[in-house]
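Written below as structure tokens is the structure these notes are about.
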Amino acid sequence: MRTQELEQTARALVAEGKGILAADESIGTVTKRLNGLQIESTADSRRTYREMFFTTPGVAEFISGVILYDETVRQKSSSGTPLVEVLTKQGIIPGIKVDTGTKPLAGSPDETITEGLDGLRDRLKEYYGLGARFAKWRAVIRISDRLPSTTCIGVNAHALGRYAALCQEAGLVPIVEPEVLMDGSHTIERCEDVTGAVLHTVFNALYDQNVSLELMLLKPNMVISGTSCPKQASVNDVAAATLRCLRQHVPAAVPGIVFLSGGQSDVVATRHLNTINTLGTPHPWAVSFSYGRALQDSAMRAWHGKAEQLKAGQQAFYHRAKCNGAATRGKYADALEGKGA
């Protein structure tokens, strides 16, 4: 195990004022998003979309790493430079999504299990050779009146543990992502209970499989009301419940927590992150972001697939990265958004 390298990477990913861009959507997901703006999805258009983010001037001040998809980690920029090099030359660390997606869980078809462990050791070795220095694996937990089952939590936690151990063996920092979905009518209290149970089981699995907690990052959901819950929790309530849950279940040995946005709007995700970083500080871990849509959506709308609007897309991305960088310090304010915040 490359302990010193892993420790340096983990710390760099949660450096003060910085967070991670999750640009690891599958080809199918990116295609849907591009098609929604009447942009044809091709290898070139997907590269142009990614390259817009990766070449945004000055964004390395707020972005420490980027999670790539298998297609992207192998692509070259429009100028012929591998996209991995485009990132590393700016001091941005390339990462890679290594799970192969979710499938129905046998015996519980309303739940899912994340697959991708077969052949993972060899794939991790290849990705390291391509320049990736961290990885991500997402488990998905759904809340309903009767879900999640203990089986679903257990098998997904076990898979996260196996993935994380293999990553550290290969020299990649594992980002462990157990996502409790926002979808549903559940209350914030129910989300806190389920998130706590999931985190408890995940860390037991990590212990059991000899994962070094100092050499990993956690990417959890925030504790939040279900999207269709009649009573939506306030920003302060979300921050308080999230911190309470994390302090109960996440060991201080973990160097950093990088939240997923999980379908929150870009501004709301930033407000929540900022408030979490103003309550009960100092935290035992660095608290940052690993956002996808909450960093990308405004840039995609500004760009709209038009070459002459690429700079506008980059400006929108830079703005969101800067706002979230401020939120990691508890220094964000709605005034940073300008009119209409």
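Quick notes
- Applying the set (1) surrounded by fewer than 19 Cβ atoms within 10 Å (Cβ to Cβ); (2) part of a helix (DSSP H, G or I) to residue 147 leaves exactly one unmet item: (2).
- Just one of the listed residues (195, 201, 187) is of a type in the set (Val, Ile, Thr) and open to solvent by less than 10 Å² (accessible area, probe 1.4 Å), and it is 195.
- Selection of helices (runs of 4 or more DSSP H) fully inside the range 260-341 by the criterion of at least 3 residues being open to solvent by less than 40 Å² (accessible area, probe 1.4 Å), in contact with a strand residue (DSSP E or B) (Cβ under 9 Å, 6 or more places away or on another chain) and under 27 Å from residue 213 (Cβ atoms) returns 266-276, 310-327.
- Some residue of the range 240-249 being in contact (Cβ under 8 Å) with a residue 60 or more places away in the chain and not β-branched (Val, Ile, Thr): no
- Residues of the range 1-58 classified as open to solvent by 40 Å² or more (accessible area, probe 1.4 Å), in contact (Cβ under 8 Å) with a residue 12 or more places away in the chain, part of a helix (DSSP H, G or I) and not hydrophobic (A, V, I, L, M, F, W, C), total: 7
- The set of residues in the range 141-156 being out of contact with any Gly (no Cβ under 8 Å at 6 or more places or on another chain) and over 15 Å from residue 103 (Cα atoms) consists of 145, 146, 147, 148, 149, 150, 154.
The values are calculated or read from the model by the stated rules, or taken from the named source; none is laboratory data. Remember, it's a predicted structure, so these values are computed and weren't measured experimentally. Neighbour counts are summed over all protein chains in view; Cβ atoms, including those assigned to glycine, are modelled from backbone coordinates with ideal geometry. Please note that ligands, DNA and RNA were not included when accessible areas were found on the heavy atoms of the full protein model with its side chains. Shrake-Rupley method; radii C 1.70, N 1.55, O 1.52, S 1.80 Å.
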